[in-house]
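Have a look at the structure below before the remarks.
The values are calculated or read from the model by the stated rules, or taken from the named source; none is laboratory data. Just so we're clear, the structure is a prediction, and the values are computed from it rather than from any experiment. Neighbour counts run over all protein chains shown; Cβ positions are idealised from the backbone, glycine included.
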Amino acid sequence: MNAPTYDPNPPTELTVDQINLADPGFWLRDDYHAALTLLREHKPISWHQHPDSGKGFWSFVDYDDIIEVTRDYEHFSSKYGIRVHHDHGTGQVRPGTGIMIEMDPPEQTRNRRHVSRGFTPRQIKKMEGYVRDQARSIVGEFTAGQEIDFVEQIAARLPMEIICDIMGVDKEDRQYLLDLSNQTLGDQDPDYGGTPEEGTKAVFALREYGVALAAKRLKDPKDDLISEIARIEEDGHHLPPEQIGAFFALLIAAGNETTRTAITHGMWAFTTHPEQKQKFLEDPVGLEMSAAEEIIRWATPLRHMGRVLEHDIEYKGHHMRKGEKIAIWYAASNRDPRVFADPFTFDITRDPNVHQSFGGGGAHFCLGANLARREVWVLFQELFARFPDAVALEPPVRLRSVQVNGIKSLKVRL
């Protein structure tokens, strides 16, 4: 059976005015990259609205604009939410409220410091052997020629096992937390509940688990991050339960979903670009860093991050009002031809590769970037060392979401 092929950038028949980034269905189209290119060329700042995404929002698809918005937290605030399909102040409780990703400096800086020491390059480098052992163990459960769901049986397991080990989660609880994580990030997909309300319930359940685990570790500390978080004191007091729960929910959900998504897109990309796979097979160590960066650019696990305007502002001829939502679209900026030569070419030797999958810089640059990179390259080194002929058999089943470029399943023959 030949490996499937596909066009990474088929042309679109949509006009600029027909493109609606607020419609979750738009992101299931094969031509969405061509549509984003149209927007970038003709309407780089535009308004989009859809019933599944609340009151609508401004979209930014230009690479440089995204950097500017990301760093201007005085106008473009994170504290009202980072998901543009949620509306602040409507009575709906948004998943993630109160976490550091939904704060602005200096509060965000102070909160980030509490957990950042566990994710420094030095700390992550110490974990290489551990990450490799985990990847080797997971891959070693299978045999050549076996057909599997790559998402469920490999891609989802590695990052979940690692973040749960870091946090100190018991083995028997990990599938439960994975299911909750799926619900929080898949709140526009009927397979995962399909509503923001169900996503909210899942976030509260994640938080409750984290608060209970922290209370347990305060009495009986272990060598894990939740024990460290539980012991943190500010002004002579331990962190409040809602903050501990928010830390836990963020780290579990973000530490799982985005890396799983990158790994799965990487498997599909290696399948449809066999010449790139061959390059990696020939030099898996020399190309490990550049391959990981290109996989992460190509996947763009989070399509956007949201902001809310703190003040009225005139931006490049557009009058934007206080309280309006803003979406900064990494899905567009990571294919910007002014920044990336041949942006629709999957090239694991690409250098430089200044993608925005970890954010547009500034205070909110992804805390787990170093861990994610390492998990990606180690997984493919171990997978292809054991199964050099591994190949996807059919196109991936994609998640219905305006935010997460998720894949629900991918059939692979090892």
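Among the residues of the stretch 332-345, is there at least one that is of a type outside the set (A, V, I, L, M), crowded, with 18+ Cβ neighbours inside 10 Å and either at pLDDT below 95 or under 18 Å from Glu257 (Cβ atoms) (or both)? The answer is yes, given that some residue of the stretch 332-345 is of a type outside the set (A, V, I, L, M), crowded, with 18+ Cβ neighbours inside 10 Å and either at pLDDT below 95 or under 18 Å from Glu257 (Cβ atoms) (or both). The set of residues in the stretch 190-231 that are in contact with a helix residue (DSSP H, G or I) (Cβ under 8 Å, 6 or more places away or on another chain), of a type in the set (D, E, K, R) and not in a helix (DSSP H, G or I) contains only Asp224. Only one of the listed residues (Arg297, Arg307, Arg374) is in contact with a Phe, Trp or Tyr (Cβ under 6 Å, 6 or more places away or on another chain) and not in a loop (DSSP other than H, G, I, E, B). That residue is Arg307. When Ala269, Ala246, Ala262, Ala254 are screened for being assigned to a helix (DSSP H, G or I), surrounded by 19 or more Cβ atoms within 10 Å (Cβ to Cβ), in contact (Cβ under 8 Å) with a residue 12 or more places away in the chain and in contact with a Gly (Cβ under 6 Å, 6 or more places away or on another chain), only Ala246 passes. Pairs meeting the criteria (first residue in the stretch 220-231 and touching a residue at least 12 places away in the same chain (Cβ under 8 Å), second residue of a type in the set (Phe, Trp, Tyr), beta carbons under 9 Å, at least 6 apart or on different chains) are Leu225/Phe247; Ile226/Phe247; Ile226/Phe248; Ile229/Phe247; Ile229/Phe248. Annotation: Tyr176 fulfils all but one of (1) outside any loop (DSSP other than H, G, I, E, B); (2) within 22 Å of Thr264 (Cβ to Cβ); (3) touching a helix residue (DSSP H, G or I) at 6+ places or on another chain (Cβ under 7 Å); the unmet one is (3). Candidates in the stretch 385-409 are the residues that are among the small types (Gly, Ala, Ser) and in a loop (DSSP other than H, G, I, E, B); of these, the one that is modelled with the highest pLDDT is Ala390. Residues in the stretch 352-371 that are surrounded by 19 or more Cβ atoms within 10 Å (Cβ to Cβ) and in a helix (DSSP H, G or I) were compared, and the one that is modelled with the lowest pLDDT is His364. Residue count for the stretch 226-243, restricted to those that are at pLDDT below 90 and either surrounded by fewer than 13 Cβ atoms within 10 Å (Cβ to Cβ) or under 20 Å from Ser181 (Cα atoms) (or both): 9. Looking across the stretch 51-72, just one residue is out of contact with any Lys or Arg (no Cβ under 8 Å at 6 or more places or on another chain) and in a loop (DSSP other than H, G, I, E, B), and that is Asp72. Would you mind telling me which numbered condition in (1) assigned to a helix (DSSP H, G or I); (2) at pLDDT 95 or above Glu314 fails? Here Glu314 meets the rest and fails (1). Taken together, the residues in the stretch 276-294 that are over 22 Å from Phe344 (Cα atoms) and either small (Gly, Ala, Ser) or in a strand (DSSP E or B) (or both) amount to 1.
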